[in-house]
Amino acid sequence: MSLWRDIRGTILPFWVTLRYLFRRPVTVCYPERKQIPAPRYRGRLILTRDPDGEERCVACHLCSAACPVDCISMQAAEREDGRRYAAWFRINFSRCIFCGLCTEACPTLALQMTAEYELATRELLQVVCEKEELLIDGCGKNDQYNFYRLAGIGVAAPRGSNPGESPPVDIRSNLP
Amino acid sequence: MNDVLLTFILIVIKLGLVLGTVLSLAAYMVLAERKILGRMQMRHGPNRVGPFGLLQPLADLIKLLCKEDLIPERADRWVFMLAPAISTITALLAFAVIPFAAPLHLFGRTIPMVICDLNVGLLYLLALSSLAVYGVALGGWASQSKYSLLGGLRAMAQMISYELAMGLAIVPVVMSSQSFSLTAIIAAQQTLPNAIRHPLAFLIFVIAIMAESKRTPFDMPEAENELVAGFHTEYSGMRFGMFFVGEYLNLIVLGAMLTVLFLGGWHGPLLPSVCWFLIKVLGVAFFFIWVRGTMPRLRYDQLMAFGWKILVPLGLLNILVTAAWLLWRG
């Protein structure tokens, strides 16, 4: 009967709220207890190094092109041996929306996201990070990948000597 | 002469006691509500200010006092400033007639534990709750804002129509105790509280005072998601605070009314009578908070239809049946 259902539907919720009153709250009391973010949490950005200890970033500007809020800027430069790097690299975290598009765009795995989320500060310029603050000594999430050894460019090692690479063909030997 | 002076001093002491208790109770009612609602929603309530957030009311008060007192340019200045005072003062005045404990026998004198034992105390309470409508309606009207006006209008219509049901629910109580004095009504409930004697009237009264206090499920006047905040949209600082405190004072007043009229007042075994009164009032307040944590808001036409088409006819029928029963019993 509909009336009986309505009465039940009015009274049952009271029992539910009373039960919840004596349950442990699920809230984490933040400054005293901190939640451990998931491994793929999108927090502060870092620049990593490749397994050889060189900077991974090749200053290709793909990240700043992918960035929807234009918070990444850099200047490209080239070393004597032909290896590209960023002369300066700047991320404005007061603008960053932590969408992760830059890390998806990065072809060398240089730019990676960390689980660090406590970025709040009273000093606005503190959240504008320069390359020295962004660059870490480790490899980040992938400790194998080395862009220059897989790209076929003779910068990290002479061409043909990288793993899985056959020596370059002498085009003269192809002539009839 | 000496006797008059003594009576006067006693009244002042009682006034101070009641005022202090009620005001601090209202302040902590806010905290209790936030805590209980929080726990019902599986979160902690306020717990930052002081141990367990116990100083939160104080922090709120300081914040409200320090805020800018803004009066809209096109508002009706005097009415705008008067409205919050009306809603607080009417709530405070209601405590004058509520007996909060058994009469005290001290040095050969009998001190009634009520500030003023009016023989028409019940009518006084009803009159004050009608006056409280003015605070809301004038506040909504004086703000010169559509939302405030709508909120004020809704509050007026709702409070007037539910007051009718409330009045009708009180009539059986008056009939069985044969007095308008609250002390006499409590005395008539020594053996059996009116809630058991008049269950239907009790139910109607509970619903009516819930509507009267403008709380969920009857919080149409300040329905956040359609009217911003209803009649107090334009208020800020301590003027808003007075509306806020008035609302919680009203909660305690209505709890006290329910206790006096239906739950047997300060009657109860073992514990002192003041304790019983407080336990009952706080129990009613907890019930109100519980309802707020449970029920969704009614639609406006449902609310009016429920008041006029169900509660009022039921109240009239209840009076008829009670009167017939009392006549038959003699």
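I need a count of the residues in the range A:144-155 that are under 26 Å from A:ARG90 (Cβ atoms) and either touching a residue at least 60 places away in the same chain (Cβ under 8 Å) or among the basic types (Lys, Arg) (or both). Number satisfying all stated conditions: 5. Say whether the condition of being more than 30 Å from B:PHE8 (Cβ to Cβ), modelled with pLDDT under 85, surrounded by 18 or more Cβ atoms within 10 Å (Cβ to Cβ) and within 14 Å of chain A (Cβ to nearest Cβ) is met by at least one residue in the range B:51-66. Yes, the range B:51-66 has at least one match. Restricted to helices (runs of 4 or more DSSP H) entirely inside the range A:1-116, those with at least 2 residues that are within 14 Å of chain B (Cβ to nearest Cβ) and in contact with a Ser or Thr (Cβ under 7 Å, 6 or more places away or on another chain) are A:2-21. For the range A:94-110, a residue qualifies if it is closer than 13 Å to A:SER73 by Cβ and either free of Cβ contacts under 8 Å to residues at least 12 places away in the same chain or not charged (D, E, K, R) (or both), and the qualifying residues are A:CYS96, A:CYS102. Residues in the range B:185-202 that are surrounded by fewer than 17 Cβ atoms within 10 Å (Cβ to Cβ) and aliphatic (A, V, I, L, M) were compared, and the one that is nearest to B:GLY230 (Cα to Cα) is B:LEU200. Just one of (1) over 27 Å from B:PHE277 (Cα atoms); (2) assigned to a helix (DSSP H, G or I); (3) not hydroxyl-bearing (Ser, Thr, Tyr) fails for B:ARG74. It is (2).
Pairing each residue of the range B:295-314 that is assigned to a helix (DSSP H, G or I) with any residue that is basic (Lys, Arg), provided the two are 6+ apart or on different chains, yields C-beta distances under 8 Å for B:TYR300/B:ARG154. Restricting the range B:315-330 to residues that are hydrophobic (A, V, I, L, M, F, W, C) and in contact (Cβ under 8 Å) with a residue 60 or more places away in the chain, the residue that is nearest to the other protein chains (Cβ to nearest Cβ) is B:LEU316.
Here is a yes/no grid of residues against (1) within 23 Å of B:PHE100 (Cβ to Cβ); (2) under 19 Å from the mean Cα position of the chain (by Cα); (3) not aliphatic (A, V, I, L, M):
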residue	(1), (2), (3)
B:THR191	yes, no, yes
B:MET242	no, yes, no
B:TYR248	yes, yes, yes
B:LEU278	yes, yes, no
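Mind listing just one residue for me: the one in the range B:279-308 that is among the aliphatic types (A, V, I, L, M) and closer than 17 Å to A:TRP15 by Cβ and, of those, farthest from the other protein chains (Cβ to nearest Cβ)? That would be B:ILE289. Restricting B:ARG43, B:ARG39 to residues that are at pLDDT 85 or above, charged (D, E, K, R) and part of a loop (DSSP other than H, G, I, E, B) narrows the list to B:ARG43.
Among the conditions (1) at pLDDT below 85; (2) surrounded by 18 or more Cβ atoms within 10 Å (Cβ to Cβ), the only one that B:ILE11 does not satisfy is (2).
When B:GLN41 is tested against (1) within 14 Å of chain A (Cβ to nearest Cβ); (2) on the phi > 0 side of the Ramachandran plot; (3) surrounded by fewer than 18 Cβ atoms within 10 Å (Cβ to Cβ), only condition (2) is not met.
Taking (1) surrounded by 18 or more Cβ atoms within 10 Å (Cβ to Cβ); (2) of a type outside the set (Gly, Ala, Ser); (3) at pLDDT 85 or above in turn, B:LEU123 satisfies each apart from (1).
The values are calculated or read from the model by the stated rules, or taken from the named source; none is laboratory data. Computed from a prediction, not measured in an experiment: that's the story for all the values here. Heads up, the Cβs are rebuilt from the backbone with ideal geometry, glycines too, and the neighbour counts pull from every protein chain shown.
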